[in-house]
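The values are calculated or read from the model by the stated rules, or taken from the named source; none is laboratory data. As the structure is a computational prediction, the values presented were derived from the model and not from experiment. Here the Cβ positions follow ideal geometry from the backbone for every residue, glycine too, while neighbour counts run over all protein chains shown.
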Amino acid sequence: MSNESTNDHAETPVSDEEEDIHISEEVLEEPVTGESEQTTKEDSEKDEIPATPEEEVEKWKDHAARASAELENYRKRMAREKSEAILYANRNLLEQLLPVIDNFEMGLQAAREAEGEQSMIIQGMAMVRKQLDDFLTGQGVEIIPSDDVSFDPNVHEAIKQEPSDSVPEGHVMFTMRRGYRLKDRILRAANVVVSSGPESGE
């Protein structure tokens, strides 16, 4: 009895053919990572087609043209900024000089009323006033027109409005302080009184 049960529980021998089949299946189940990576690399190398010499030349020509254009724009910008710096270098000085000219004009007006036009003092002050005008003109400064013109908020500053039968509404009646511009920039707006038109009856 004991011999039979031992034989029943004994392992069944595996043939060589069956062993080969199991080994083949294990080999097939192993991932082929090396081959797939190599294939992907070869495909990417095929996609990256090297540029021809002519294409390389054109590419560098384009880079050179862009760099040259940027350099030229930089030079123009620097030249423009330098020109503006020279043109408006005296702006602060001229702005500080304007109140001095205002006081001189008030003194000249008072002297005319007191001494008359034939006074030597008046004639001397008038010569100084002309020299100041010539100096301003040489610096590119211009007087802003403000008498008998339409009010322009860009160059005029309205101090007040007054009714007038002779001056149309919206026009300057008289100038209280002259305005000046330096080239195309306003140094100081003109202070003016603007007409509000005929006074309406009660």
Matching residues in the range 107-125 (surrounded by fewer than 10 Cβ atoms within 10 Å (Cβ to Cβ) and either assigned to a helix (DSSP H, G or I) or touching a strand residue (DSSP E or B) at 6+ places or on another chain (Cβ under 6 Å) (or both)) number 2
Given the conditions (1) surrounded by fewer than 15 Cβ atoms within 10 Å (Cβ to Cβ); (2) touching an Asp or Glu at 6+ places or on another chain (Cβ under 6 Å), which single one is not true for residue 186? (2)
Considering residues that are hydrophobic (A, V, I, L, M, F, W, C) and exposed (fewer than 14 other Cβ atoms within 10 Å of the Cβ), the number found within the range 127-142 is 3
Taking the condition of being touching a His at 6+ places or on another chain (Cβ under 8 Å), of a type outside the set (Val, Ile, Thr) and over 23 Å from residue 92 (Cα atoms), how many residues in the range 187-202 meet it? 1
Residue 143 is checked against (1) closer than 16 Å to residue 109 by Cα; (2) in contact with a Gly (Cβ under 8 Å, 6 or more places away or on another chain) and fails just one. What number does that condition carry? (1)
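A quick yes/no check of all residues on (1) over 27 Å from the mean Cα position of the chain (by Cα); (2) touching a residue at least 40 places away in the same chain (Cβ under 8 Å):
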{"site": "54", "(1), (2)": "yes, no"}
{"site": "63", "(1), (2)": "no, no"}
{"site": "70", "(1), (2)": "no, no"}
{"site": "82", "(1), (2)": "no, no"}
{"site": "88", "(1), (2)": "no, yes"}
{"site": "91", "(1), (2)": "no, yes"}
{"site": "98", "(1), (2)": "yes, yes"}
Given the criterion closer than 19 Å to residue 186 by Cβ and either among the aromatic types (Phe, Trp, Tyr) or in the same structural domain as residue 183 (by TED's automatic domain parsing) (or both), identify the matching residue among 102, 133, 148, 152. 152
Please verify whether residue 70 is part of a helix (DSSP H, G or I), modelled with pLDDT under 85 and over 17 Å from residue 139 (Cα atoms), treating the condition exactly as stated. no
Of 184, 152, which residue is among the acidic types (Asp, Glu), within 36 Å of the chain's Cα centre (by Cα) and under 22 Å from residue 93 (Cα atoms)? 184
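Report, by residue number, each residue of the range 81-107 that is of a type in the set (Val, Ile, Thr) and within 15 Å of residue 132 (Cβ to Cβ).
Correct list: 100, 101.
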Give me a count of the residues in the range 143-169 that are within 14 Å of residue 195 (Cβ to Cβ), surrounded by 15 or more Cβ atoms within 10 Å (Cβ to Cβ) and in contact with a His (Cβ under 9 Å, 6 or more places away or on another chain). 4
Within the range 148-202, residues being among the polar types (S, T, N, Q) and in a strand (DSSP E or B) number 5
